Amino acid sequence: MSTATVTAAVTAAVTATADLAAAAPDAACGAACGAAAGVAGAAGVAATVEVQCPQGWLAVCTPGDLTPGRGVAALLPDGTQVALFIDRGGRMYAIGNRDPFTGAQVLSRGLTGSAAGRPFVASPLLKQRFDLATGDCLDDPSVTVPTYRVRAAG
């Protein structure tokens, strides 16, 4: 598959997701994460993972949607995509999903690991590593991705 074909496919997917966000922002966030905004627990309280965005705290998925070593993408109301991760110790991270080297929304699909005690995700395209806590690129200190506060609620 050519680079142009991949770029066109990614652009079409992002445009479709952005159109969904414009039409129904709350539905888009849940749909992008692959889950409803919350699932009732034993006590009837919703358990959600929330990301802090300019609009405030936004429920994007459930804790069960996050698996150590794998990322999940979520769409914010302004059309921005975030990549959510959880490590084996249960700490959650949220960074921008856009790979600054290629422009593709792919960081949620990257490989996770740690270097010198710093948790990172490696872009699945060109393999640059991004610190999950700070957003700093471990391979090019002049490049960063945005980070977001994330919490479990409910």
Got a number for residues in the stretch 50-76 being within 26 Å of L125 (Cα to Cα) and either of a type outside the set (K, R) or in contact with a Pro (Cβ under 6 Å, 6 or more places away or on another chain) (or both)? 14
Go through the stretch 73-106 and give me each residue that's over 21 Å from R118 (Cβ atoms) and not in a loop (DSSP other than H, G, I, E, B). A73, A74, L75, Q81, Q105
Give the stretch 118-154 a look and list any residue that's among the charged types (D, E, K, R) and out of contact with any Gly (no Cβ under 8 Å at 6 or more places or on another chain), or say none. R118, K127, D131, D136, D139, D140, R149, R151
Taking only the stretch 142-154 into account, find how many residues are among the small types (G, A, S) and in a loop (DSSP other than H, G, I, E, B). 2
Going residue by residue through the stretch 131-144, is there one that turns out to be in contact with a helix residue (DSSP H, G or I) (Cβ under 8 Å, 6 or more places away or on another chain), within 28 Å of G56 (Cβ to Cβ) and either among the β-branched types (V, I, T) or buried (at least 19 other Cβ atoms within 10 Å of the Cβ) (or both)? no
Conditions: (1) over 16 Å from the mean Cα position of the chain (by Cα); (2) at pLDDT below 95. D78 meets all but one. Number of the miss? (1)
Step by step: first the residues of the stretch 81-100, then only those that are farther than 14 Å from P146 by Cβ and among the small types (G, A, S), then the one that is surrounded by the most Cβ atoms within 10 Å (Cβ to Cβ). Which residue is that? G90
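Report whether or not D139 is assigned to a loop (DSSP other than H, G, I, E, B), at pLDDT 95 or above and of a type in the set (D, E, K, R). So that I can check it myself, show each step before the final result.
Numbers: assigned to a loop (DSSP other than H, G, I, E, B): yes; at pLDDT 95 or above: yes; of a type in the set (D, E, K, R): yes.
Yes.
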Exception for S2 within (1) at pLDDT below 95; (2) under 15 Å from D131 (Cα atoms); (3) among the polar types (S, T, N, Q) falls at (2)
Could you look through the stretch 110-136, keep only residues that are in a strand (DSSP E or B) and aliphatic (A, V, I, L, M), and pick out the one that is nearest to the chain's Cα centre (by Cα)? V121
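The values are calculated or read from the model by the stated rules, or taken from the named source; none is laboratory data. Keep in mind that this is a model prediction, so the values were computed, not measured. Positions of Cβ are backbone-derived with ideal geometry, glycine not excepted, and every protein chain shown enters the neighbour counts.
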